[in-house]
Amino acid sequence: MKQIGMRIIYNPYTGTVLNNALSEMSGNIQDDLRPDRIEFIDLPYGYDENHFRNATKIKVDVNTREVIVLEYWDPQTQQLITVTE
């Protein structure tokens, strides 16, 4: 059985993750959701660096192409944790 990890599609100028911003939108839309170019990172199957599996907000460091977890749900404390950079 083949196992494929998650693909992160992001704005290469800002690091904003675009995975949930690929369909039609209207209203007050964030400016960097429709860049003229996109990049992607394929993560290995089972990837869970820095609480990735429980992440609610991530971005990509455009210089290192590293996934940065900004916010995650801690199942032990039942709290949303904001990570300071």
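Each reported figure results from applying straightforward, stated rules to the coordinates on display, with no laboratory input. Remember, it's a predicted structure, so these values are computed and weren't measured experimentally. Glycine also receives a Cβ, built like all others from the backbone with ideal geometry; neighbour counts cover every protein chain displayed.
For the chain, just run the numbers: alpha carbon Rg, then divide by 2.2 N^0.38 Å, N being how many residues it has.
This ratio for the chain stands at 1.18.
When only Cα pairs under 8 Å and 6 or more residues apart are kept, what is the percent relative contact order across the chain?
26 percent
Hey, what's the per residue convex hull volume over the C-alpha atoms of the stretch 26-67, in cubic angstrom?
Cα convex hull per residue, to the nearest whole number: 119 Å³.
Let's test the formula: R0 of 30 Å, r as the Cβ-Cβ distance of SER23 and GLU66. What FRET efficiency results, to the nearest 0.05?
0.65
Ranking request for peptides 37-47, 74-84: highest mean number of other beta-carbon atoms within 10 Å first, then the rest in descending order.
Ranking the peptides 37-47, 74-84 by packing returns 37-47, 74-84.
Between LEU80 and ASN50, what is the spin-label point distance in nm, taking each point 7 Å from the Cα along the Cα→C-beta axis?
The modelled label-to-label distance comes out at 1.9 nm.
So for each of 25-36, 61-72 I average, over its residues, the number of other beta carbons within 10 Å; can you give me the resulting order with the highest mean first?
So the peptides 25-36, 61-72, ranked by packing, come out 61-72, 25-36.
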